[in-house]
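See below for the structure under consideration.
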Amino acid sequence: MATAAETLNASDEQRVGTRPGTMELTVRVRRFNPEVSQDSWWDEWTVQCEPLERLVEVLHQIKWHHDGTLSFRRSCAHGICGSDAMLINGRNQLACKVLAEDVGPKVTIEPIRGLPVLKDLIVDMDPFMDEYRGVLPFLINDSGEPDKERRQSQEDRHRYDDTTKCILCACCTTSCPVFWGDGGYVGPAAIVNAHRFIFDSRDEGGRERMKILSEKTGVFRCRTTFNCTDACPRGIQVTKAIQEVKRSILFERF
């Protein structure tokens, strides 16, 4: 009977070697490590993978079997946590939702743009989250604690249903050319999360949020390029939400 070590070694050899039904994928990654160099560089690996294997698993294979120093974020691997947002072949996407067969035979991966790169594909999300927190993304209701749940009609719920889908992956914000050029711009994701509460019939903080978004760095910095809508992995109509917030601000005359 084979030992545990022999079984693991055999599994590694099978994983790295050519297997029936697999494809060859060349993965080119923009690397950065401030402890090594202040300039980024490119590394490239060619691996065997299943055509229906997700790109995040291909990155796992590289990290586990080729280069353990490769760094990237990942968590749920089901398109819910939003942590593995990357620039894949020039488009912001979640690595866990991209199949190897859709990007082969060669894929180029970079960190999302507009946020400081900490290491390899990991960016500093603090500026993004600061803008998110700045629009008060929580229910505000000073009418007192109710005796029972706050009822809401299906029509009222549908009014903001689309923007409840945001997973804070930053794909929309870091695909926005205004955000790249203006570090003060609040960004699409923050506006989407403000929209979710502005149009919630149970909330009483809409005017306060609209006043925040009417500032110079707010919603009117949007130039309607639709990059954000195209980049959203959840299919949110981001540009539509931004325009609805704009119209509400103009109607309220802030």
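The values are calculated or read from the model by the stated rules, or taken from the named source; none is laboratory data. Predicted, not measured: the structure shown is a model, and the values here were computed from it. Every residue, glycine as well, gets a Cβ built from its backbone with ideal geometry; the counts of neighbours run over all protein chains shown. When the accessible area is computed, the model is the full protein with side chains, heavy atoms only, and any ligands, DNA or RNA have been set aside. Shrake-Rupley method; radii C 1.70, N 1.55, O 1.52, S 1.80 Å.
The figures follow:
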item	result
Members of the range 224-248 that are of a type in the set (S, T, N, Q) and open to solvent by 60 Å² or more (accessible area, probe 1.4 Å)	225, 237
Pairs where the first residue, in the range 139-162, is more than 18 Å from residue 237 (Cα to Cα) and the second is in a helix (DSSP H, G or I) and open to solvent by less than 70 Å² (accessible area, probe 1.4 Å), C-beta under 7 Å, 6+ apart	139/197
Matching entry among 117, 103 (being touching a residue at least 40 places away in the same chain (Cβ under 8 Å) and open to solvent by less than 40 Å² (accessible area, probe 1.4 Å))	103
Hey, residue 196 part of a helix (DSSP H, G or I) and buried (at least 18 other Cβ atoms within 10 Å of the Cβ) or not	yes
Whichever residue in the range 209-238 is among the β-branched types (Val, Ile, Thr) and touching a residue at least 40 places away in the same chain (Cβ under 8 Å) and, among such residues, is farthest from residue 85 (Cα to Cα)	212
Residue match in the range 125-133 (condition: open to solvent by 60 Å² or more (accessible area, probe 1.4 Å), over 30 Å from residue 62 (Cβ atoms) and of a type outside the set (Ser, Thr, Tyr))	yes
Tally, over the range 135-190, of residues that are open to solvent by less than 40 Å² (accessible area, probe 1.4 Å) and of a type in the set (Phe, Trp, Tyr)	3
Top-ranked residue of the range 13-26 - restricted to ones that are farther than 26 Å from residue 86 by Cβ and at pLDDT below 60, ranked as surrounded by the most Cβ atoms within 10 Å (Cβ to Cβ)	14
Qualifying residue in the range 107-119 (condition: within 20 Å of residue 223 (Cα to Cα) and of a type in the set (S, T, N, Q))	no
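Here is a yes/no grid of residues against (1) more than 15 Å from residue 178 (Cα to Cα); (2) touching a Leu at 6+ places or on another chain (Cβ under 9 Å); (3) assigned to a helix (DSSP H, G or I); (4) among the small types (Gly, Ala, Ser):
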position	(1), (2), (3), (4)
202	yes, yes, no, no
211	yes, no, yes, no
230	yes, no, yes, no
236	yes, no, no, no
239	no, no, yes, no
242	no, no, yes, no
247	yes, no, yes, no
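This table checks each residue for (1) of a type in the set (Ser, Thr, Tyr); (2) in contact with a helix residue (DSSP H, G or I) (Cβ under 8 Å, 6 or more places away or on another chain).
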{"site": "151", "(1), (2)": "no, no"}
{"site": "182", "(1), (2)": "no, yes"}
{"site": "199", "(1), (2)": "no, yes"}
{"site": "210", "(1), (2)": "no, yes"}
{"site": "217", "(1), (2)": "yes, no"}
{"site": "249", "(1), (2)": "no, yes"}
{"site": "252", "(1), (2)": "no, yes"}
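Residue-by-condition table, conditions (1) open to solvent by less than 50 Å² (accessible area, probe 1.4 Å); (2) free of Cβ contacts under 8 Å to residues at least 40 places away in the same chain; (3) farther than 19 Å from residue 123 by Cα; (4) not in a strand (DSSP E or B):
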{"position": "28", "(1), (2), (3), (4)": "no, no, no, no"}
{"position": "34", "(1), (2), (3), (4)": "no, no, no, yes"}
{"position": "37", "(1), (2), (3), (4)": "yes, yes, no, yes"}
{"position": "44", "(1), (2), (3), (4)": "no, yes, yes, no"}
{"position": "61", "(1), (2), (3), (4)": "yes, no, yes, yes"}
{"position": "67", "(1), (2), (3), (4)": "yes, yes, yes, yes"}
{"position": "76", "(1), (2), (3), (4)": "yes, yes, no, yes"}
{"position": "79", "(1), (2), (3), (4)": "yes, no, no, yes"}
{"position": "86", "(1), (2), (3), (4)": "yes, yes, no, no"}
